[in-house]
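Below: one structure, written as structure tokens.
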Protein chains: 2
Amino acid sequence: MRADAKKNYEHILAVASVVVTQHGADASMRDIARRAGVGLGTLYRHFPTREALLDTLLRAGFDELTAKACELETASSPDDALVSWLHDVVTFTGNYQGVVAAMIAAIEDTDSALHASCVTLRTAGARLLTRTQAAGLARSDMNGDDLFSLAAALAWLGDQPSSAPRAERLFRIIASAIITNRPSNLSLPADFQMNQNP
Amino acid sequence: MRADAKKNYEHILAVASVVVTQHGADASMRDIARRAGVGLGTLYRHFPTREALLDTLLRAGFDELTAKACELETASSPDDALVSWLHDVVTFTGNYQGVVAAMIAAIEDTDSALHASCVTLRTAGARLLTRTQAAGLARSDMNGDDLFSLAAALAWLGDQPSSAPRAERLFRIIASAIITNRPSNLSLPADFQMNQNP
DNA sequence: ACCTGAACACCGTTCAAGT
DNA sequence: ACCTGAACACCGTTCAAGT
């Protein structure tokens, strides 16, 4: 990459980080180019899609979350590890308004520049869930895809002004639905049934 | 209202219903006017905001859901009533893509034409929740606002192609977090009686 | 009264022309 | 190689001019 191109690339990223933080993932591409003092075509040359820009912007955070999941796979209590990681994912995603909508859209769109990151993240979470389920500490009737959906739903609620103030409570409610706290090998009353409704 | 105006009004609604069903709540207003064979100004005269159009479009459904909540307030099992109503809300909202985002935004925007409907709906749900909590069948650390947020989150997941296929499972997971089959509070009134499993 | 559509200020995206 | 910005096809919203 030519020196001037590299300078542009980095400057665009710095400006985009500010603009996306302020105005969310749907911020005007034109606005980003304008504020970066760069032609609109230059922005699109470096980041052919909005998703490509977001992926580069969030790369460090994504990698950190994936690394954290790997570390937590050897934590002493699988359920605490899962909940802690879920919390980190929701918190990170909540930093940029509207980013979770792009992520959940990318998970099924193999052409999206965000696709790979999201799949990696989902897989990392799935491992933590499987481990917790194996210990009988998470409900067995869900999988990694469901976990990712629930994380996305929580992050989306955090994006909404009407729900954001209660985000932590909503997190605890959903976390409690995932974690069972009841090892499956424990003897239960004969009439015991999971908290389910028809 | 003049006869020609009334005819326009009703034709716009009919066309809008089709367009919003097809393209979601963010459908182009221009497109709606175009397909209705009406000037753009005529559309805005009858429905000054997108929310006003949506509210009129969804009015019948909103009223039905509120009425259903009132009926269910005398149902034999409060928990079943709550879950059944919640399911109806999520299903109805899911009929129009993106409508739930408009609703959750309207709940805090007193100027929105959707505000009143959403508040009414939330209040109706809150009553069902309170009744279930009074019977010791719903977790006590949540309120009607939380219930509305959870319903919105479920409806939003239903809007996403990656989650929609698992919508029912996700519903059951969250429903199970709300419903508690055993009272969590140990210090109950002396005359408290468990009214389950008759 | 009511309707129309041009006008304005925005988008995302592309691409010929410049350096 | 890389950058620029006009061009194109869209938006939502308003409002002077028409019937």
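Has the range A:1-12 got at least one residue that is at pLDDT 95 or above, outside any helix (DSSP H, G or I) and surrounded by 12 or more Cβ atoms within 10 Å (Cβ to Cβ)?
no
Here's a check for you: in the range B:7-34, which residue that is within 14 Å of DNA strand D (Cβ to nearest atom) and farther than 28 Å from B:W156 by Cα is nearest to the other protein chains (Cβ to nearest Cβ)?
The selected residue is B:R34.
Could you list, in sequence order, all residues of the range A:26-75 that are closer than 30 Å to A:A134 by Cα, in a loop (DSSP other than H, G, I, E, B) and modelled with pLDDT of 95 or more?
A:E73, A:T74
Could you please give the count of residues in the range B:52-72 that are over 20 Å from B:A116 (Cα atoms) and either surrounded by 15 or more Cβ atoms within 10 Å (Cβ to Cβ) or among the basic types (K, R) (or both)?
Residues that pass the stated criteria total 1.
Only one residue in B:D55, B:D109, B:D88, B:D80 is farther than 29 Å from A:A105 by Cβ and of a type in the set (D, E, K, R). Which one?
From the options B:D55, B:D109, B:D88, B:D80, the qualifying one is B:D80.
Which residue pairs have Cβ atoms closer than 7 Å, lie 6 or more positions apart in sequence or on different chains, and pair a first residue in the range A:29-53 that is within 16 Å of A:A5 (Cα to Cα) with a second residue that is more than 7 Å from DNA strand C (Cβ to nearest atom) and assigned to a loop (DSSP other than H, G, I, E, B)?
If the second residue must be more than 7 Å from DNA strand C (Cβ to nearest atom) and assigned to a loop (DSSP other than H, G, I, E, B), the pairs left are A:A33/A:G39; A:L53/A:F47.
Return the residues of the range A:19-52 that are touching a Lys or Arg at 6+ places or on another chain (Cβ under 7 Å) and more than 8 Å from DNA strand C (Cβ to nearest atom); say none if nothing qualifies.
A:V19
Filter the range B:112-125 down to the residues that are within 14 Å of chain A (Cβ to nearest Cβ) and either of a type in the set (A, V, I, L, M, F, W, C) or surrounded by fewer than 17 Cβ atoms within 10 Å (Cβ to Cβ) (or both) and list them by number.
Result: B:L114, B:C118, B:V119, B:L121.
Looking at B:D4, is it within 16 Å of DNA strand C (Cβ to nearest atom) and within 14 Å of chain A (Cβ to nearest Cβ)?
No, not satisfied.
Is it the case, given these coordinates, that A:L170 is closer than 30 Å to B:A101 by Cβ, surrounded by 20 or more Cβ atoms within 10 Å (Cβ to Cβ), facing chain B (nearest Cβ under 9 Å) and at pLDDT 95 or above? Walk me through it before giving the result.
Details: closer than 30 Å to B:A101 by Cβ: yes; surrounded by 20 or more Cβ atoms within 10 Å (Cβ to Cβ): yes; facing chain B (nearest Cβ under 9 Å): yes; at pLDDT 95 or above: yes.
When the stated conditions are applied, A:L170 passes them.
Scan (1) within 14 Å of DNA strand C (Cβ to nearest atom); (2) β-branched (V, I, T); (3) assigned by TED's automatic domain parsing to the domain that holds A:I179 for the single condition A:V89 breaks and write down its number.
(1)
Is it the case that some residue within the range A:42-51 is within 20 Å of A:T91 (Cβ to Cβ), surrounded by 15 or more Cβ atoms within 10 Å (Cβ to Cβ), more than 14 Å from chain B (Cβ to nearest Cβ) and away from DNA strand D (no atom under 16 Å from the Cβ)?
Looking through the range A:42-51, none of the residues is within 20 Å of A:T91 (Cβ to Cβ), surrounded by 15 or more Cβ atoms within 10 Å (Cβ to Cβ), more than 14 Å from chain B (Cβ to nearest Cβ) and away from DNA strand D (no atom under 16 Å from the Cβ).
If you check A:F62 against the conditions, is it more than 16 Å from DNA strand D (Cβ to nearest atom), touching a Ser or Thr at 6+ places or on another chain (Cβ under 6 Å) and closer than 30 Å to A:R139 by Cα?
The answer is yes for A:F62.
The values are calculated or read from the model by the stated rules, or taken from the named source; none is laboratory data. Computed from a predicted model, the values in this text were never measured in an experiment. Because the Cβ atoms are built from the backbone with ideal geometry, glycine has one as well, and the counts that use them run over all protein chains shown.
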